[in-house]
1. Kindly state, as a whole number, the per residue volume in cubic angstrom of the convex hull around the alpha carbon atoms of region 59-173.
2. With a cap of 16 neighbouring Cβ atoms within 10 Å, and only residues DSSP puts in a loop, list the GluC sites (Glu not before Pro) found in region 69-137.
3. Short version: ³J(HN,Hα) in whole Hz for each residue of region 297-314, in order, from phi by Karplus 6.51 cos²θ - 1.76 cosθ + 1.60 (θ = phi - 60°), x for Gly and Pro, what are they?
4. Students often forget the sequence filter, so: which lysines lie under 19 Å Cα-Cα from LYS183 once same-chain residues fewer than 8 apart are removed?
5. Can you list the lysines whose alpha carbon is less than 19 Å from that of LYS46, not counting same-chain residues fewer than 8 positions off?
6. Taking N as the number of residues in the chain, what is its alpha-carbon radius of gyration divided by 2.2 N^0.38 Å?
7. Sorted by packing (mean other beta-carbon atoms within 10 Å per residue), highest first, where do 261-274, 62-75, 188-201, 318-331 land?
8. Please sort 180-187, 48-55 by packing, taking for each peptide the average over its residues of neighbouring beta carbons within 10 angstrom, highest first.
Amino acid sequence: MNFRVRIEPSGHEFVAESSETVLEAALRHGCNLPYSCRNGACGTCKGKVIAGSLDYGTYESRALSESEKLAGMALFCRARPLSDVVIEAREIGAARGITIKTLPCRVIRMERLAPDVMGLHLKLPQNERLQFLAGQYVDILLRDGRRRSFSIANAPHDDAALQLHVRHLPGGVFSEHVFTRMKEKDLLRFQGPLGTFFLREEDEAGTTGQQAAARPVILVAGGTGFAPIKGILEHAFYAGLKRPIHLFRGARARRDLYLDDLVRSWEQAYSNFRYTPVLSAAEPADRWEGRSGWVHEAVVQDYPDLAGYEIYASGPPPMIEAGRQAFAAHGLPADRLFYDSFEHALDNTAG
């Protein structure tokens, strides 16, 4: 059985098949709702149900609390319509017209970026090109039908190869393969681009806003959450973005700040860019004289009033959750926080 879904306030309507989530059906019809993990874990796709009933599916309570559910909220990446429904959600205009593709690719380069991070460079077929927004991700399609999501670490203008940053997770199905058996020239399949984590250069109507164009940007990266941030920064520099940009990068020890020299070279080259690395567990051998502690705490120490800023955060779920609470307490409007939470798959097989 099929059901009709209407999005407010846009008025856009589409039909969802019985096997589809609201998000899957929306994307199939070209309606770009916010989303990230698609596992019911990060909360990016959360919106309000105005009318109709849903099967809420499986999800994590920290992404949708019982009080939010009673207030009519749902996670559209997990919820399936049980009747015609009306939902309230904002649509992302910048992603309109970008086609999600399933493509083969070849591993043309592997580089060890850190002891536990591998950089993969993937070449598409000769006549194919992937149109994407800086910060989006792809799903690597495994032979057993499972997927593993990785952010694209390069900018769209530099698309000779897709760059992924893969962290080694012991026992991880894909990451173990990357670190122990993968070779250059191996073939993979992926689907993408996916996600709505990218720099907002336009408002939701698709027109450039003067207020947004002048708003300073704070970027927060933890671990391999640096990958999409790298793509966003390279795009911003290439496009000549003049907005002030401040990157806070959290890591445990100095060795985890991979590509640190590259970031420091950007600080020298672009007057509107600042860089603050923060180590939470620096080792004696690091001889660290920079900022220490948690990266979200460094942000609010430097910016006690966040009312006039946009924040883009990418990294592990505890960093995202701690940052979300701290930034809101320091005046950041909820609709000015954009995040990419690096969640593991629901089958609990990491990597």
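Bear in mind that the values in this text are calculations on the coordinates, not laboratory data. This structure is a prediction, so every number in the text was calculated from the model and none was measured. Neighbour counts are summed over all protein chains in view; Cβ atoms, including those assigned to glycine, are modelled from backbone coordinates with ideal geometry.
1. With only Cα atoms used, region 59-173 gives 184 Å³ per residue.
2. Loop-located and lightly packed - GLU128.
3. 5, 5, 4, 6, 5, 7, 10, x, 10, 9, 4, x, 10, 10, 10, 10, 10, 9
4. Leaving aside lysines fewer than 8 places away in the same chain, those within reach of LYS183 are LYS123.
5. The reachable lysines, counting only those whose Cα sits under 19 Å from LYS46, are LYS69.
6. The value comes to 0.98.
7. Working: 261-274: 13.4, 62-75: 15.6, 188-201: 21.1, 318-331: 17.5.
Going by the mean number of other Cβ atoms within 10 Å, highest first, we get 188-201, 318-331, 62-75, 261-274.
8. 48-55, 180-187
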